[in-house]
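What follows is one structure encoded as structure tokens, with my remarks underneath.
The values are calculated or read from the model by the stated rules, or taken from the named source; none is laboratory data. Here the structure is a predicted model, which means the values were calculated and not measured. Virtual Cβ from ideal backbone geometry, glycine too; neighbours counted across all protein chains shown.
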Amino acid sequence: MDGCNSFCKLESGFVCPGGSCTCDVGKYLLYTGECVSNCPAGFTASDVTNTCSACGNGVIDLGENCDDGNFRSGDGCNILCIVETGYVCNTPGQACTCKTGYKELEGSDPRSCVYQCPSGYVDNLAGKCVKCGNSVLDAGEVCDDGNS
């Protein structure tokens, strides 16, 4: 289903302004291609994408940019299954990683990807911002006596 059948007639639940079809107001596009008023069990209605999404199931469904297998924002793939700034999400069902030019902030949970290391952190030149003052001589540090 795509809103326009083989006889060029409108399918139920669709509107086709200008010839391109979308779900009618109050309807959501399901992975089967049909427009429904209520999403089935296990799916969530997204008013942002007008789709029934199973965000968090580890599979990229219709209307999702990513799906890391959880329903949590701040880890690269947010609760609407949209990739967050500073991340790449290459493998469905797996954790997102920091994109090129961004660094992982040591000790952050969920993983935070930052463009510049914040105050109190040092770029270890291996893709991480490490905490200065932890008594561990991390890559990128010349000394670390435990003082911050």
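Which one is surrounded by the most Cβ atoms within 10 Å (Cβ to Cβ), of the residues in region 29-60 that are of a type in the set (Ser, Thr, Tyr) and under 21 Å from residue 16 (Cα atoms)?
At the first step, the residues of region 29-60 found to be of a type in the set (Ser, Thr, Tyr) are 31-32, 37, 44, 46, 49, 51, 53.
Next, from what is left, pick out any that are under 21 Å from residue 16 (Cα atoms): 31-32, 37, 46, 49, 51.
Numbers: 31: 15, 32: 11, 37: 11, 46: 21, 49: 18, 51: 24.
Out of the qualifying residues, it is 51.
Residues 45, 95: which one is within 30 Å of residue 136 (Cα to Cα) and of a type in the set (A, V, I, L, M)? It would help to see each step written out before you state the result.
Numbers: 45 fails: within 30 Å of residue 136 (Cα to Cα).
Checking each option against the conditions leaves just 95.
Scanning region 20-36 for residues that are free of Cβ contacts under 8 Å to residues at least 12 places away in the same chain and of a type outside the set (Asp, Glu), which turns out farthest from residue 82 (Cα to Cα)? If we take residues in region 20-36 being free of Cβ contacts under 8 Å to residues at least 12 places away in the same chain and of a type outside the set (Asp, Glu), then 20 is farthest from residue 82 (Cα to Cα). Here 12, 73 are screened, and the one residue that is over 21 Å from the mean Cα position of the chain (by Cα), in a loop (DSSP other than H, G, I, E, B) and of a type in the set (Gly, Ala, Ser) is 12. Of all residues in region 79-109, exactly one satisfies the criterion of being surrounded by 14 or more Cβ atoms within 10 Å (Cβ to Cβ), more than 12 Å from the chain's Cα centre (by Cα), not charged (D, E, K, R) and not in a strand (DSSP E or B), namely 102.
Can you tell me how many residues within region 110-128 are outside any loop (DSSP other than H, G, I, E, B), at pLDDT below 90 and not aromatic (Phe, Trp, Tyr)?
Initially, region 110-128 is screened for residues outside any loop (DSSP other than H, G, I, E, B), giving 113-114, 121-123, 128.
So of that shortlist, the ones also at pLDDT below 90 come out as 121-123, 128.
Remaining after also requiring not aromatic (Phe, Trp, Tyr): 122-123, 128.
Adding up the residues that qualify gives 3.
Of all residues in region 60-84, those being modelled with pLDDT of 85 or more and of a type in the set (A, V, I, L, M, F, W, C) number 6. Only one of the numbered conditions (1) modelled with pLDDT of 90 or more; (2) farther than 22 Å from residue 49 by Cα; (3) of a type in the set (A, V, I, L, M) is not met by residue 136, and that is (1).
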